[in-house]
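Reading through the structure tokens given below for one structure.
The values are calculated or read from the model by the stated rules, or taken from the named source; none is laboratory data. All values derive from a computational prediction rather than experimental measurement. Cβ atoms come from the backbone with ideal geometry, glycine included; neighbour counts cover every protein chain shown.
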Amino acid sequence: MKKISFHKGGKALCCLFLMGFLSSFSSLSSKNIIRNTANFIQQHQIQGTITDGTSPLPGVTISIKNKLNSATISDYSGQYLFAASPLDTLIVSFIGYKTAYIAVNGRKVVDVQLLYDTTTLQEVRVNAGYYSVKESERTGSIARITSKDIEVQPVTNVLATMQARMAGVSITQNTGVPGGGFEIKIRGQNSLRVDANAPLYIIDGVPYSSESIGSYNTGTTFPTQSSPLNNINPDSIESIEVLKDADATSIYGSRGANGVVLITTKKGKAGKTKFSVTASTGAGRVTKFIKLMNTQQYLSMRRQAFVNDGITQYNPWDYDVNGTWDQNRYTDWQKELIGGTAQITDLQGSVSGGSDNTQFLLSGSYHTESTVFPGSFMYKKGGSQISLNHHSVDQKFRLSFSAGFNTQDNDQPSYDYTYDARTLPPNAPALYNADGTLNWENGTWQNPLRNLNTKFESKTNDLTANTVLSYEIIPGLTAKGNFGYTNLDNNETRIIPSTIYNPAYNVSSARSVIFLNNTNRSSWIIEPQISWKKDLGSSKIDLLLGSTFQSQQTSRISQSGTGFTSNSLIYNLAAAKITRVLLSDEALYKYQAFFGRVNYNFQQRYILNLTARRDGSSRFGPGNQFANFGAAGLAWLFSNEAFMRGASWLSFGKLRTSYGTTGNDQIGDYQFLDTYSNTGVIYNGTAGLSPTRLFNPNFGWEINKKLEAALEIGFLQDRIFTTAAWYQNRSSNQLVGFPLPGSTGFTSYQANLDATVQNTGLEFTLRTINISGGSFTWTTNLNLTFAKNKLVRFPGLENSTYNEQYRIGQPLNIELLYKFKGVDPQTGIYSFEDLNNDGQITFPEDQQTIVDLNPKYYGGLQNQLVYKRLSLDFLFQFVKQKNRIYPMGPAGMMSNQQQRMTDSWTKAGDQTPYQIYTTGYNYDALNGDYLYYDSTASFTDASFIRLKNISLSYNLPLGLNSTQCKVMIQGQNLITFTKYKDGDPEFTSYGFLPPLKVLTVGIQLTF
């Protein structure tokens, strides 16, 4: 080792340096020396929990002021452990919340409650499908709700979680029976085909088909075929984004014509292992009954009907008025048949955690729900989810895996008792005898509970799995692969045993029937992608290129069996005397696409977003399988301009606009081919075939052109934030069944119709922070939509088979009606406008008055109030609309009526709203009644304001740092304010069970 020595100059330099250091050190006050030494000596571990006032916040950064390299993050339960001295100040920061500066002051336990900061909420990234974007920088229209909005709702369908919470998204529940579906329209109806307006659903990057899986032969208790969306567990969802305009949807091409619903499931987060268990129980009841006649009113109506018809003697089968049935008995059949209480139970559990590099989550759920109908029926739903995220130490390689398996077991009556509940005479006999058997009084009376023996059973298994692999090749350049798989298996049965008939008839099991429907659907998707991001000084550029390869295979078979030696063998199709295959098909759908995106951001002021996609679909013939779609979005953040810097009242301002095209191929498979089906008829030992479709390779894609302009403004540090958007969507080249003369042997063939449908609207959102300080916060969210649908173009409409369904310049969802004039005071019969002046009311000449059934406007108003450990969240839904009065049949027949029907005509000169009663023998009255329900009189104002959801929760002060306990009360559809008299104003599926109001109580334990 070489010896180190100093020469004379070096020694002098060292001496000067040492003297300067000692001089500087001596200049420090003795007080500072003592304090710094004390801080060093007295540094100790402090701990605490970070919350937002109601729930813990994981991933919060905790650091020490003026000290570098001293930071930690809170774990999944919001807890942290950190080394600090008594005089230190903690800096607690988290996206979406105001940064807190907390003095330690010698404490060892420091709990922190963070307050929302709406300014930083603009920096939250939203999911736009193939990419994510900051709220402040997005050029498209994206509505979003998170798990905080979802977990306060006691619902089982993903669409129910979105009701009244998003502008431009209209959702209607079509049944109150467990396992039923919802109808969704994102910015209106684009296609003439009602079944071609569903949006695209994406779960963690995997397309999820919303096509029906049920059959009309089996699912008779539902107004529409069952949807697979019930399989999705709302409690497993982290966020739902709805893409609405061309800029947001065109990257999905033909699949995004009706909007895109992106569902992101919950993922694990770094921190201590967290266990969470939630249990709840509750009850559901019908929201509103119709006010019907009591026994005296009903019998008075019936007797007057006989008088009006000139009948002086009752028939033997007129049990209600001829004295056979008790004339003083009264039964509220709505309470008896649909007035029960549905018992609801829920159990959720999860375990999650992980390191900085690897996080995991495993959860499970179980739900049971009975019905409001008589009898013992149960809907069961359960599932499990797993998520695993990993990235390498150098952050270059990333892996994300998620999978969910859900199963449903639905046991329901195959008969909906709603119609019977509203039409049975109020003095009808009891349903059961004293010995518990069904009452078949008078022999021919059809006891509605005979249908308890008809059962609908459905079992569904659903698997969704997704894997995403990515690698950063060089800084900014990343290659990614998205791989997904889904498998759905659904089995349905409906039985009609001979026990539904009166035992006096001695009907044997040879009359028993079973219907079966089995559906299996599986799909896979592969999407390789490459992205490049680069900062170019004052600007940024973001490029994305990718492709999609998707395949979906569906097989379905519907069968029936009739004639069994015993009802105990009814589920064994081999025991049936006659079996038929009602439907048997297999379909293979293939889809291929290439897509790209270019985003350019100049000085955080001007943003240009370009997207494009080339789609290929197997649903079109040769030469028409591929089409190009694209969009451009532009945003100007004028609040970042120099001339706006002095406007302290304006915290954020953005103008954005977009234009582009999307397509639609929702027409089913093999529509362009000659197809044949099995007739089931045997000839010479061979089953015959019959043609079912004509070859037409010339039809192509529907085209949807979307235009939008929007303004986003934030005031007072975004304490007031509002958005106003105008949009216009035009869908042309409509894919419909083009009518053919009956002489061709076909009713229609698939073709493009030169028709154009337009949707325009205004959407408003408003978010305000009314109070934010101390231990109390109050925020309000409002969304409001004015929408108008119109048929702009339809050449040859007058001479087509659609001429009594649509009108140019009018919405698609209209009714052509007779114009109601009132009750003729001389005859007592309903009268209507004679539009063609031919002296009589004829169809279709006089049935031409238009009623628009689309809502004029709709929206929701949400308030969130937090006081210390107590949280209250409630949402009001409001809709301005018209709806049909509930059809009950001609007044005076053996059927109950609305109580208002007591105000009916009885003698010449009466001025009444309702016509003469009839037992069915007055042809003019019967004809008037049928015309009445096809007239303007049958539609009324059904606007409503509804307390859609309310949630009250309280975090119990257990005093345990590692354990939290929250108790909750949640309600859905609790109170409705409306002038509509015929039940639930939202409901349009007549004869079926309306939605239920639900109230649940629960407890959540986290440790």
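Some points to look at:
- Among the candidates 561, 481, residue that is of a type outside the set (D, E, K, R), in a strand (DSSP E or B) and surrounded by fewer than 19 Cβ atoms within 10 Å (Cβ to Cβ): 481
- The conditions of being of a type outside the set (A, V, I, L, M, F, W, C) and in a strand (DSSP E or B) are met by residue 859.
- Any chance residue 697 is within 29 Å of residue 199 (Cβ to Cβ), modelled with pLDDT under 80 and either crowded, with 20+ Cβ neighbours inside 10 Å or of a type outside the set (Lys, Arg) (or both): no
- Restricting the first member to the range 374-392 and to residues that are within 16 Å of residue 231 (Cα to Cα), and the second to residues that are assigned to a loop (DSSP other than H, G, I, E, B), the beta-carbon pairs closer than 7 Å and six or more apart or on different chains are 379/178; 379/179; 381/156; 383/233.
- Top-ranked residue of the range 648-675 - restricted to ones that are assigned to a strand (DSSP E or B) and closer than 22 Å to residue 552 by Cα, ranked as modelled with the highest pLDDT: 662
- Only one of 379, 330, 366 that is surrounded by 17 or more Cβ atoms within 10 Å (Cβ to Cβ), at pLDDT 95 or above and hydroxyl-bearing (Ser, Thr, Tyr): 379
- Unmet criterion (only one of (1) among the aliphatic types (A, V, I, L, M); (2) surrounded by fewer than 20 Cβ atoms within 10 Å (Cβ to Cβ); (3) within 18 Å of residue 634 (Cα to Cα)) for residue 124: (3)
- Flag for residue 385 being in contact with a Phe, Trp or Tyr (Cβ under 7 Å, 6 or more places away or on another chain), buried (at least 21 other Cβ atoms within 10 Å of the Cβ) and more than 18 Å from residue 179 (Cα to Cα): no
- Applying the criterion of being over 25 Å from residue 218 (Cβ atoms) and crowded, with 21+ Cβ neighbours inside 10 Å to the residues of the range 399-412, the residue that is nearest to the chain's Cα centre (by Cα) is 404.
- Evaluation of residue 746 against (1) crowded, with 16+ Cβ neighbours inside 10 Å; (2) assigned to a loop (DSSP other than H, G, I, E, B); (3) out of contact with any Ser or Thr (no Cβ under 6 Å at 6 or more places or on another chain) (one fails), failing number: (1)
- The strands (runs of 3 or more DSSP E) found wholly in the range 206-298 and carrying at least 2 residues that are closer than 26 Å to residue 341 by Cβ occupy 271-286.
Conditions (1) over 20 Å from residue 224 (Cβ atoms); (2) in contact (Cβ under 8 Å) with a residue 24 or more places away in the chain; (3) surrounded by fewer than 16 Cβ atoms within 10 Å (Cβ to Cβ), marked per residue:
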residue	(1), (2), (3)
958	yes, no, yes
968	yes, yes, no
971	yes, yes, no
980	yes, yes, no
989	no, yes, no
994	no, yes, no
1000	yes, yes, no
1004	yes, yes, no
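- Single residue of the range 750-796 satisfying the filter (without any contact (Cβ under 8 Å) to a residue 40 or more places away in the chain and not in a strand (DSSP E or B)) that is nearest to residue 845 (Cα to Cα): 796
- All positions within the range 708-747 that are touching a strand residue (DSSP E or B) at 6+ places or on another chain (Cβ under 6 Å) and under 30 Å from residue 696 (Cα atoms): 729, 730, 731, 732, 733, 734, 735, 736, 737, 738, 739, 740
- Single condition residue 614 does not satisfy, out of (1) assigned to a strand (DSSP E or B); (2) at pLDDT 90 or above; (3) over 19 Å from residue 256 (Cβ atoms): (3)
- In the range 921-940, of all residues being outside any helix (DSSP H, G or I) and aromatic (Phe, Trp, Tyr), the one that is farthest from the chain's Cα centre (by Cα) corresponds to 921.
- Residue count, the range 555-581 (criterion: in contact with a Phe, Trp or Tyr (Cβ under 8 Å, 6 or more places away or on another chain) and within 30 Å of residue 523 (Cα to Cα)): 3
- Some residue of the range 448-465 being surrounded by 17 or more Cβ atoms within 10 Å (Cβ to Cβ), in a loop (DSSP other than H, G, I, E, B) and in contact with a Pro (Cβ under 9 Å, 6 or more places away or on another chain): yes
- Remark: residue 415 falls outside the filter, which requires a residue to be closer than 23 Å to residue 337 by Cα, surrounded by fewer than 18 Cβ atoms within 10 Å (Cβ to Cβ) and touching a helix residue (DSSP H, G or I) at 6+ places or on another chain (Cβ under 8 Å).
- So residue 206, is it touching a Phe, Trp or Tyr at 6+ places or on another chain (Cβ under 8 Å), closer than 21 Å to residue 705 by Cα and either surrounded by fewer than 23 Cβ atoms within 10 Å (Cβ to Cβ) or of a type in the set (A, V, I, L, M) (or both): no
- The residue that is farthest from residue 941 (Cα to Cα), among those in the range 875-909 that are among the β-branched types (Val, Ile, Thr) and in a loop (DSSP other than H, G, I, E, B), is 906.
- Residues that are crowded, with 20+ Cβ neighbours inside 10 Å and of a type in the set (Gly, Ala, Ser) within the range 882-914 comprise 891, 892, 904, listed in sequence order.
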